[in-house]
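Q: I'd like to ask some things about the structure below.
Rule-based calculations on the coordinates, nothing more; no lab input. All values derive from a computational prediction rather than experimental measurement. Methodologically, a virtual Cβ is constructed for each residue, glycine included, from the backbone with ideal geometry; neighbour enumeration extends over all protein chains shown.
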Amino acid sequence: MKIAISATNESLDAPIDPRFGRCPYFVIVESETMKFEAISNLSQNAPSGAGIQAAQTIASKGAKVVLTGNVGPNAFQALSSAGINVVTGVFGTVKEAVERFKSGQLQGTTASSTQMGFGRGGGYGMGMGRGGGRGMGFRRWQSTGLFPQAPMNTPMLPMLPQMSKEQEIQMLENQMKSMQKELNRIRKRLKELQNDRKGLKETIEKEKAK
């Protein structure tokens, strides 16, 4: 099963970016093998509709689950229309989040909108709550290839709960640790390159001296 995670960079060790529509990257992980593909979020700087555009990108990659911090109501509606399970309030690294999801520690977020034909799903297995009813909204998306837009008189879905301060602290600490690891790797590689350059220079000087 493919799981899409909003991330700050392109690796399994990347900290999760809490912004679904505005994250710089999505890491698409095959849960059984942990093989992954990192893609740029082209809607990151979109003036509007970033969440819906990001949802379209995720759907086109065949993802069945999204792990992220927060999802706006329009993006949540679009993901639900495509049959994608949404898990919010997630923090830590991409790999940690996938492992927690696989072990059943993360629960899907469910919402209902009777006019758009979404069902209220009950969680089953690894925290996967899947809506039962898809109704006209989903059929319209299937036939046109576009995500349905709510009619003007349709109430907006409620905003999803924000991360708690404890979760945000944990997320920032994880980001700091990840950045520190990346900085250490850069320093190590830079030192290797400098040593290689020094050795090459010494070799050249010895050749000239012969």
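Q: Using mean Cβ contacts within 10 Å as the protection proxy, how do 96-104, 70-78 order, highest first? Please list the in-between numbers first.
A: Details: 96-104: 18.1, 70-78: 23.6.
My ranking of the peptides, most packed first, is 70-78, 96-104.
Q: Can you give the net charge of the other residues whose Cβ lies under 13 Å from the Cβ of Leu190, counting K and R as +1 and D and E as -1? The partial results should precede the final answer.
A: Values: positive: Arg185, Arg187, Lys188, Arg189, Lys191, Arg197, Lys198; negative: Glu182, Glu192, Asp196.
Result for the local shell: +4.
Q: Could you state the number of Å between the C-alpha centres of region 178-202 and region 58-85?
A: Region 58-85 and region 178-202 have Cα centres separated by 40 Å.
Q: I've got another one for you. Pop a pseudo-label 7 angstrom from the Cα along the beta-carbon direction at both Lys208 and Thr33 and give the gap in nm to one decimal.
A: 5.2
Q: Using all alpha carbons of region 1-43, what is the percent of pairwise distances in each 10 Å bin, ordered from the shortest bin to the longest?
A: Here the calculated profile for region 1-43 is 36, 53, 10.
Q: Tell me, Ile28, Ile169, Ile3 in order of fewest to most beta-carbon neighbours within 10 Å?
A: Numbers: Ile28 19, Ile169 12, Ile3 23.
Fewest-to-most Cβ neighbours within 10 Å comes out as Ile169, Ile28, Ile3.
Q: Here's another thing I want to ask about it. Over 24 Å between Cα atoms, which of Lys61/Lys188; Lys61/Lys181; Lys95/Lys191; Lys181/Lys201; Lys35/Lys102 qualify? Each step should come with its number before you reach the end.
A: Numbers: Lys61/Lys188 35 Å; Lys61/Lys181 30 Å; Lys95/Lys191 28 Å; Lys181/Lys201 30 Å; Lys35/Lys102 14 Å.
Over 24 Å apart, Cα to Cα: Lys61/Lys188; Lys61/Lys181; Lys95/Lys191; Lys181/Lys201.
Q: Something else now. What FRET efficiency, computed as 1/(1 + (r/R0)^6) with R0 = 41 Å and r the Cβ-Cβ distance, is obtained for Asp196 and Ser60, rounded to the nearest 0.05? Each step should come with its number before you reach the end.
A: Values: r = 43 Å, r/R0 = 1.04.
The formula returns an efficiency of 0.45 here.
Q: A further question on this structure: Just from the alpha-carbon atoms, what are the Rg and Dmax of region 6-82 in angstroms?
A: Rg and Dmax of region 6-82, Cα atoms, are 11.5, 37 Å.
Q: Here's something else I'd like to know. Show which lysines lie in cross-link reach of Lys206 when reach means a straight Cα distance below 21 angstrom and same-chain residues fewer than eight apart are skipped.
A: Lys198
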